[in-house]
Amino acid sequence: MKPPPFDYVVATSLDQAIDLVSSDEDAKFIAGGQSLIPLLSLRFARPTLLVDISRLSVLRGVRSVADALNIGASTRHADIERLPVVRECAPLLSAAAGWVAHAQIRNRGTFGGAVAHSDSAAEFPAALLAMGATIVTRSSSGERRIPSTQFFGAHFQTALQHGELVVAVEVPTADRFSRWGFSEFARRKGDYAIGGAAVSARLNEDGECTSVRAGLIAAGPGPTSAEGLEETLVGHLVDESAVDAAVAQCERSLSPESNVHGSKEYRRAVVAESLRRALHQAFDLGGTQDERRSA
Amino acid sequence: MKTHVTVNGEGYERDVEPRMLLSDFLRHELGLTGTNVGCEHGVCGSCTVLLDGEPVRSCTMLAVQSDRRRLTTVEGLACEENLHGLQEAFTACHGLQCGFCTPGMLMTLLPIYNEARRLTDDEIRDAISGNLCRCTGYQQIVESARKALDEAADLAEFGADAEG
Ligand SMILES: Cc1cc2nc3c(=O)[nH]c(=O)nc-3n(C[C@H](O)[C@H](O)[C@H](O)COP(=O)(O)OP(=O)(O)OC[C@H]3O[C@@H](n4cnc5c(N)ncnc54)[C@H](O)[C@@H]3O)c2cc1C
Ligand code: FES
Ligand code: FES
């Protein structure tokens, strides 16, 4: 298995990278290469030109801006997992990063690459949907700020135009009212998920839920937002029966496809159980560990 | 495309086609065939090498992407006739049968060994979760890793005591 021939340019500026890809419809950016190179080797992708953005320092770094954390596209999965500023300000992302592929892949794969790749079974898109993140992009027609709910589509599609680059992602900074939960099931830690969920919520001084959102992993043809959680949970002191009701309602709207990992019924149950566990973790309810649903 | 890499402390410059995978570069251009190639799409871990000290899969990297970077392959482990501590432990605990996965296992564990981190069996299993072995059933690999990592940690603690 060898990649087909292509030209390769190491970009020295953002504009040059964008120009090169924009002017050739078969050109592609390459970042960590952890999704693209396997696709080349399997000959599922046949680009004429690869423009390597991994040496652009403007895409690196994580910084606080107002009440958000701005994470550069080239930040590697391993950095999201370990950097103290991410662990403190975006703990859901750090937790999710530990589940993205294996250590060797996390040392190369980039956050921006995972966002642009937009796999329905990937952890970061689900976490970004839960957090209400904003994707910052650049193209020859300028900068765009795209809400995560408008960014991710079905079957690896995103709001990105050809030649448009993910520059950074902004996530709201966690404070003392923020809560999060993450749960995933895969056959082997590091493999793509069979199902999973990322939850982000806020409480008020009285402990009542003021907002809650969840991103679901491997729950449909693309990264998926959980439906109906707000109606059931906002305005309440969330308890186990409220969580059960919210999960049951959400489960009905899910339509994962059957595949080698299981039938659609099984996969729907795995996603729903992951959501239940992630909500339990977020609202600090009992039984998050290894507890099986009796139904 | 001109590519300059340092492998196991030695500098190499080669003119390579952009599509050449790093794993093929090491094996075919440099003759370093210790790095094994199993799946060639990032799943099995047998091609693991260190890039600037961190484990990466050499089959999911282009050789040209390693320009001006530092690589370590399994050939860089033993010095002269002395096996590396990890290799000694794999020998002592029967951590290999056919040996195909072994270079990848060793290179994955090497940074942990160098940091002298003591891991539990669960943490060891997590650390090698990206490396497939078709022979051993993993038990002896976990034992080998535990022996090597414990020895490295003992040595580091002994050294710290001696200095203190
Ligand atoms: C065995 C294996 C298991 C894996 N398991 C998981 C897993 O469990 N969960 C998971 O989430 N991922 C998993 N991955 C994929 C991994 O996370 C990739 O790192 C990630 O999907 C892509 O990031 P990258 O930097 O490697 O991008 P690349 O492979 O370089 O690029 C991927 C795509 O995104 C485009 N692109 C890259 N960067 C940008 C940018 N800044 N702007 C616009 N377009 C861009 C490229 O043109 C390409 O089309 C796995 C990969 C392998 C090989
Ligand atoms: S050969 Fe590289 S991961 Fe299998
Ligand atoms: S010893 Fe044969 S594959 Fe591991």
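Please note which strands (runs of 3 or more DSSP E) are completely contained in region A:15-80 and include at least 3 residues that are at pLDDT 95 or above and closer than 22 Å to residue A:1 by Cβ.
Where strands (runs of 3 or more DSSP E) fall fully within region A:15-80 and carry at least 3 residues being at pLDDT 95 or above and closer than 22 Å to residue A:1 by Cβ, they are A:49-52.
Which of the residues belonging to region A:53-82 are without any contact (Cβ under 8 Å) to a residue 60 or more places away in the chain, within 13 Å of another protein chain (Cβ to nearest Cβ) and either more than 18 Å from the chain's Cα centre (by Cα) or more than 9 Å from ligand 1 (Cβ to nearest atom) (or both)?
A:54, A:55, A:78, A:79, A:81, A:82
Look at region B:5-25 and say how many of its residues are more than 10 Å from chain A (Cβ to nearest Cβ), assigned to a strand (DSSP E or B) and within 20 Å of residue B:103 (Cβ to Cβ).
Count: 5.
From (1) open to solvent by 80 Å² or more (accessible area, probe 1.4 Å); (2) more than 13 Å from chain A (Cβ to nearest Cβ), pick out the condition that doesn't hold for residue B:123.
(2)
So in region A:31-52, with the set limited to residues that are at the interface with chain B (Cβ under 8 Å from one of its Cβ atoms) and in contact (Cβ under 8 Å) with a residue 24 or more places away in the chain, which one is most open to solvent (accessible area, probe 1.4 Å)?
Taking the candidates together, the pick is A:42.
Got a number for residues in region B:85-126 being assigned to a helix (DSSP H, G or I) and away from ligand 1 (no atom under 16 Å from the Cβ)?
Here the count works out to 24.
Could you go through region B:60-82 and let me know if any residue there is within 14 Å of another protein chain (Cβ to nearest Cβ), hydroxyl-bearing (Ser, Thr, Tyr) and part of a helix (DSSP H, G or I).
Within region B:60-82 (the criterion being within 14 Å of another protein chain (Cβ to nearest Cβ), hydroxyl-bearing (Ser, Thr, Tyr) and part of a helix (DSSP H, G or I)), the answer is yes, since at least one residue qualifies.
Name the single residue that is nearest to the other protein chains (Cβ to nearest Cβ) among those in region B:26-51 being crowded, with 21+ Cβ neighbours inside 10 Å and closer than 18 Å to residue B:9 by Cα.
Filtering first and then ranking leaves B:48.
Given (1) surrounded by fewer than 21 Cβ atoms within 10 Å (Cβ to Cβ); (2) more than 9 Å from chain A (Cβ to nearest Cβ); (3) in contact (Cβ under 8 Å) with a residue 24 or more places away in the chain, identify the lone condition not met by residue B:54.
(2) is the only condition that residue B:54 fails.
Can residue A:63 be described as open to solvent by 10 Å² or more (accessible area, probe 1.4 Å) and within 16 Å of ligand 2 (Cβ to nearest atom)?
Here the answer is no, as residue A:63 does not meet what is asked.
Residues being more than 25 Å from residue A:189 (Cβ to Cβ), away from ligand 3 (no atom under 16 Å from the Cβ) and part of a loop (DSSP other than H, G, I, E, B): count how many of those fall in region B:26-51.
Here the count works out to 4.
Quick one: in region B:133-155, of everything that is open to solvent by 70 Å² or more (accessible area, probe 1.4 Å), in a helix (DSSP H, G or I) and charged (D, E, K, R), which residue is farthest from ligand 2 (Cβ to nearest atom)?
Here the answer is B:154.
Looking at residue A:180 and the list (1) outside any strand (DSSP E or B); (2) of a type in the set (Phe, Trp, Tyr); (3) surrounded by fewer than 24 Cβ atoms within 10 Å (Cβ to Cβ), which single condition is not satisfied?
Checking residue A:180 against (1) outside any strand (DSSP E or B); (2) of a type in the set (Phe, Trp, Tyr); (3) surrounded by fewer than 24 Cβ atoms within 10 Å (Cβ to Cβ), the one that fails is (1).
Could you check region A:20-45 and list, in sequence order, the residues that are among the hydroxyl-bearing types (Ser, Thr, Tyr) and within 16 Å of ligand 2 (Cβ to nearest atom)?
A:35, A:41
So if I check each of A:187, A:202, A:213, which one is open to solvent by 50 Å² or more (accessible area, probe 1.4 Å), not in a strand (DSSP E or B) and not assigned by TED's automatic domain parsing to the domain that holds residue A:103?
Unique residue meeting the criteria: A:187.
If a residue has to be closer than 15 Å to residue B:129 by Cβ, among the aliphatic types (A, V, I, L, M) and not in a helix (DSSP H, G or I) to count, how many in region A:101-126 make the cut?
Matching residues across region A:101-126 total 1.
Check residue B:81 against each of (1) in contact with an Asp or Glu (Cβ under 7 Å, 6 or more places away or on another chain); (2) of a type outside the set (Gly, Ala, Ser); (3) surrounded by fewer than 24 Cβ atoms within 10 Å (Cβ to Cβ) and name the one condition it does not meet.
(1)
Starting from region B:115-127, take each residue that is assigned by TED's automatic domain parsing to the domain that holds residue B:159 and of a type in the set (Ser, Thr, Tyr) and list its partners that are outside any helix (DSSP H, G or I) and open to solvent by 70 Å² or more (accessible area, probe 1.4 Å), counting only C-beta distances under 8 angstrom and pairs at least six apart or across chains.
none
The values are calculated or read from the model by the stated rules, or taken from the named source; none is laboratory data. Note that the structure is predicted; figures quoted are calculated from it, not measured. Please note: Cβ atoms are built from the backbone with ideal geometry, for glycine as well, and neighbour counts cover all protein chains shown. With ligands, DNA and RNA removed, areas are computed over all heavy atoms of the protein, side chains included. Shrake-Rupley method; radii C 1.70, N 1.55, O 1.52, S 1.80 Å.
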